[in-house]
Amino acid sequence: MQERWYYVYIVANATKLLYIGITRSLRKRIWEHKSKMLPGYTSHWHVCRLVYFEKFSDVRSAIDREKQLKRCRREKKIWLIESMNRNCHDLSEGWYE
């Protein structure tokens, strides 16, 4: 049986506006953000730099984590990102070359 993964991710723009989402296909979803295929907040504010993600095998756990992160204060989100990605580099750099 093929395992299914679910990803909770945070994308940011150059000024560190943040967006938290959930997806089954991280590469596809980040491409959608980068290509501005998703109208709204992320395309308007150019929020497309993948700065953080977590991987889950259980969809309920992923949804719970997404909700938890969305409730966190901005300072905690920045701390979480920087604890894993000190300089907020785009973790998807090189994926689409």
Accessible surface of the chain [probe 1.4 Å, protein heavy atoms]: carbon and sulfur percent = 51 percent
For segment 46-52, Karplus-derived ³J(HN,Hα) couplings (6.51, -1.76, 1.60; θ = phi - 60°; whole Hz; x for glycine and proline) come out as 6, 8, 8, 8, 6, 10, 6
Cβ-Cβ cut-off under 13 Å around HIS33, Lys and Arg +1, Asp and Glu -1: the net charge is +4
For segment 13-97, rounded, prolate or oblate, judged on the Cα gyration tensor with a ≥ b ≥ c (square roots of eigenvalues), a/c < 1.5 rounded, else prolate if a/b > b/c?
-> rounded
For TYR52, distant residues with modelled amide H under 5 Å away = ILE10
Heavy-atom accessible area per residue - the chain, 1.4 Å, Å² | 68 Å²
Go ahead and estimate [θ] at 222 nm for the chain from helices alone: -39,500 (n - 2.57) per DSSP H run with n ≥ 4, summed, over the residue count, rounded to 500.
-> -11000 deg cm²/dmol
Under unit Cβ charges (Lys, Arg +1; Asp, Glu -1), what dipole magnitude, rounded to 20 debye, does the chain have relative to its Cα centre?
-> 340 debye
With +1 at each Lys and Arg Cβ and -1 at each Asp and Glu Cβ, the charge dipole magnitude of segment 49-97 around its Cα centre, to the nearest 20 debye, comes out at 420 debye
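The values are calculated or read from the model by the stated rules, or taken from the named source; none is laboratory data. Computed from a predicted model, the values in this text were never measured in an experiment. Cβ: placed from backbone, ideal geometry, glycine included. Neighbour counts: every protein chain shown. Accessible surface areas use protein heavy atoms only, side chains included; no ligands, DNA or RNA. Shrake-Rupley method; radii C 1.70, N 1.55, O 1.52, S 1.80 Å.
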